[in-house]
Amino acid sequence: MRYEGVLRKMKTEITDKVQYYLLFEKDFININQILNKKISLNFLRFQCLNCSLEKKIFRQGYCYDCFSSIPQAGDWIMKPELSKAHLGEEDRDLEFEKRSQLQPHIVYLANSSNVKVGVTRKTQVPTRWIDQGAHEAIEIVETPNRYLAGITEVALKEHVADKTNWRKMLTNDILDLNLSEERDKLKNFIPEEAKDYYLPERKELEIAFPVLEFPKKIKTLNLSKIPFYEGILKGIKGQYLIFEDGMVFNVRAHEGFVVELEVK
C-alpha cells in the first residue's frame, strides 16, 4: 500500500491503547494496524500548512513568511503568559486571539519521563498529554483564559520541570510517581490570581501506548538530511514512530513535509 501527502501531527483516540491516525488529503492510515510491518518514508518536497506553497518549512509546519505573520504562530502560543486578549490588546489578529485565549485552559502535570508542568486548552485534554508521550497526567488548575494559565505555569516551573526528556520517554526510562501528591506539593506556589481555580479532587489519567518493543538506544530520523528511510515499525508514542533498529521519527517535527509512505 502506498500513500502520498503532506505530514501533519497524528490524530489520536484514547482507548485501552492509544489509536493513531495519519491523515492525508485523500486517505488516512490507522498506524496501529501497520505495527510489525516494514514501511518506507520518502521525502518529496515541502508544502506550507498555511499558504500551501512549496517553500522551505521554518517552524510548526509553516514557511518563514507565514510563521512571521499568522496569528496561529504568535509568541503567546509557546508562551501563554504573553497572552493579552483578556486586555483587548491585539498581537496579530485580535478576533482569532480572543477565540483561542478566552476559553478554559488547564495547567497540568504530565509524567512522560520526569514530571513536567504544562498548559493546554481544556478541549485538548487528553490529546496534549498523548502528544507528549505521558503515561499519566493530572490537572492542577482550570482557568478561564490562557493568560492566567500561563502565569501559573511560569510560577510552578520554578519548582518542577517544564520540558520532557524525550529520549527517556522513548526508551521507557520512566519514574513511578504519585501525581496527586506531586500536585498537592505545588498548591502553595499557585499565583494569587489563580488560587480559586485549583482542582484538588481531580484524579490522574493513565495512558497506554501501542509499543511492541522499546529501543535501548535511539537514533533520530531527519528527512531533510536522510530523505529516504525504510524499517520495521515497532511502536508509536507521543508523536514518534519507533522502529526496530532504534530509529525514531518525530511526525510533528516534519509537519509540512510531503512524503510518500509505503507499507510493504
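Data for the structure
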| item | result |
| --- | --- |
| Output for region 92-109, where each listed residue is within 22 Å of the chain's Cα centre (by Cα) and of a type in the set (A, V, I, L, M, F, W, C) | Phe96, Leu102, Ile106, Val107, Leu109 |
| Near pairs, Cβ below 6 angstrom, 6+ apart or cross-chain, from region 87-105 (closer than 18 Å to Thr152 by Cα) to any residue that is surrounded by 16 or more Cβ atoms within 10 Å (Cβ to Cβ) and among the acidic types (Asp, Glu) | Pro104/Glu142 |
| Residues (touching a residue at least 40 places away in the same chain (Cβ under 8 Å) and not in a loop (DSSP other than H, G, I, E, B)) located in region 43-60 | Phe43, Leu44, Arg45, Phe46, Ile57 |
| Test set (1) surrounded by fewer than 18 Cβ atoms within 10 Å (Cβ to Cβ); (2) farther than 25 Å from Lys11 by Cβ - Phe214 fails condition number | (2) |
| From Thr152, Thr220, Thr164, Thr171, residue being farther than 22 Å from Asn111 by Cβ and among the polar types (S, T, N, Q) | Thr220 |
| Residue in region 61-77 that is touching a helix residue (DSSP H, G or I) at 6+ places or on another chain (Cβ under 8 Å), touching a residue at least 24 places away in the same chain (Cβ under 8 Å) and over 27 Å from Trp129 (Cβ atoms) present | no |
| Count - residues of region 187-223 that are touching a Leu at 6+ places or on another chain (Cβ under 9 Å) and within 30 Å of Lys56 (Cα to Cα) | 3 |
| Residue among Gly238, Gly231 that alone is small (Gly, Ala, Ser), more than 13 Å from Ser40 (Cα to Cα) and in contact with an Asp or Glu (Cβ under 7 Å, 6 or more places away or on another chain) | Gly238 |
| Yes/no for Val119 being without any contact (Cβ under 8 Å) to a residue 40 or more places away in the chain, in a strand (DSSP E or B) and either crowded, with 19+ Cβ neighbours inside 10 Å or among the polar types (S, T, N, Q) (or both) | yes |
| Among the residues listed as Glu182, Glu201, Glu193, the single one being crowded, with 17+ Cβ neighbours inside 10 Å and farther than 19 Å from Arg252 by Cβ | Glu182 |
| Verdict on Arg167 being within 20 Å of the chain's Cα centre (by Cα), outside any loop (DSSP other than H, G, I, E, B) and either not polar (S, T, N, Q) or not assigned by TED's automatic domain parsing to the domain that holds Glu89 (or both) | yes |
| Residues satisfying the stated conditions in region 110-164, i.e. aromatic (Phe, Trp, Tyr) and under 12 Å from the mean Cα position of the chain (by Cα) | Trp129 |
| Test for Ile207: is it in contact with a Ser or Thr (Cβ under 6 Å, 6 or more places away or on another chain) and either closer than 22 Å to Ile130 by Cα or modelled with pLDDT under 95 (or both) | no |
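The values are calculated or read from the model by the stated rules, or taken from the named source; none is laboratory data. Note that the structure is predicted; figures quoted are calculated from it, not measured. As a convention, Cβ positions derive from the backbone with ideal geometry for all residues, glycine included, and neighbour counts pool all protein chains shown.
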